[in-house]
Structure formats: structure tokens, C-alpha cells
1. Pairs, please: C-beta under 7 Å, at least 6 apart or cross-chain, first residue within 15 Å of Ala16 (Cβ to Cβ) and in the range 66-91, second surrounded by 11 or more Cβ atoms within 10 Å (Cβ to Cβ) and of a type in the set (Lys, Arg)?
2. For the range 52-61, check the following and say yes or no: at least one residue is at pLDDT below 85, among the aliphatic types (A, V, I, L, M) and either out of contact with any Leu (no Cβ under 9 Å at 6 or more places or on another chain) or more than 16 Å from Leu20 (Cβ to Cβ) (or both).
Amino acid sequence: MPRISEQKVKKICEQALEFLYLNYPASFFTSQVASELARDEEFMKAILERLESKQLVRRVTKNPSGEEYAERVKWAISPAAKEKYGQLSGAAGFGSDEGE
């Protein structure tokens, strides 16, 4: 299988962050993110782990009842990344409620 360039990996990271940002505060299983972005689950897991190491996403290991997920992990954008992403998209004219 061909190797994916660093530039394309960055774009896929951006797509994952955008998906999680637009659906905040919901969290999603790796398979759901992979399906949404039309990517392989193992590849998407590696992307999400990469974003986690940069503290841009966080793992959600417990369900709403407080029980640990047995073998699966959900992902959500980190609060700090959400705030920063909101500032950047607001500065670019996206997501602004001004003028409405």
C-alpha cells in the first residue's frame, strides 16, 4: 500500500478535528469517526492517537452511566482545542453569529 504524505495526514487530522468540533460535546467511537471520514478504522485510530498526543482530542473511556467501555474508546475534542478552534474559525468568519 502506498505511503501517505505528511501533508495529507495533516489534512485528515484537520478533518477529524472539524468533525469533532462541529459535533461538540458529543463523543464518537473510532469506527464512527472512520465511517464519517471514509477512512480505515486502524488508520483513524492512529490519527486520533496522534491528535491525543498533541492534546487536541481526549479519550472517553466511560459511558454516561460511569461504566468503563470494555474494548472500545470514544473520542471528543479537548476543551482547550475546542476553544482555540472556535477562535480561529471565528477570526476566519466561520461560525460567527454577528450580522444575523
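The values are calculated or read from the model by the stated rules, or taken from the named source; none is laboratory data. As the structure is a prediction and not an experimental result, all values here were calculated from the model. Cβ: placed from backbone, ideal geometry, glycine included. Neighbour counts: every protein chain shown.
1. Close Cβ pairs (under 7 Å, with a partner that is surrounded by 11 or more Cβ atoms within 10 Å (Cβ to Cβ) and of a type in the set (Lys, Arg)) amount to Val73/Arg59; Trp75/Arg59; Ala76/Arg58; Ser78/Arg58.
2. Step one: of the range 52-61, the residues at pLDDT below 85 are none.
The answer is no, given that none of the residues of the range 52-61 is at pLDDT below 85, among the aliphatic types (A, V, I, L, M) and either out of contact with any Leu (no Cβ under 9 Å at 6 or more places or on another chain) or more than 16 Å from Leu20 (Cβ to Cβ) (or both).
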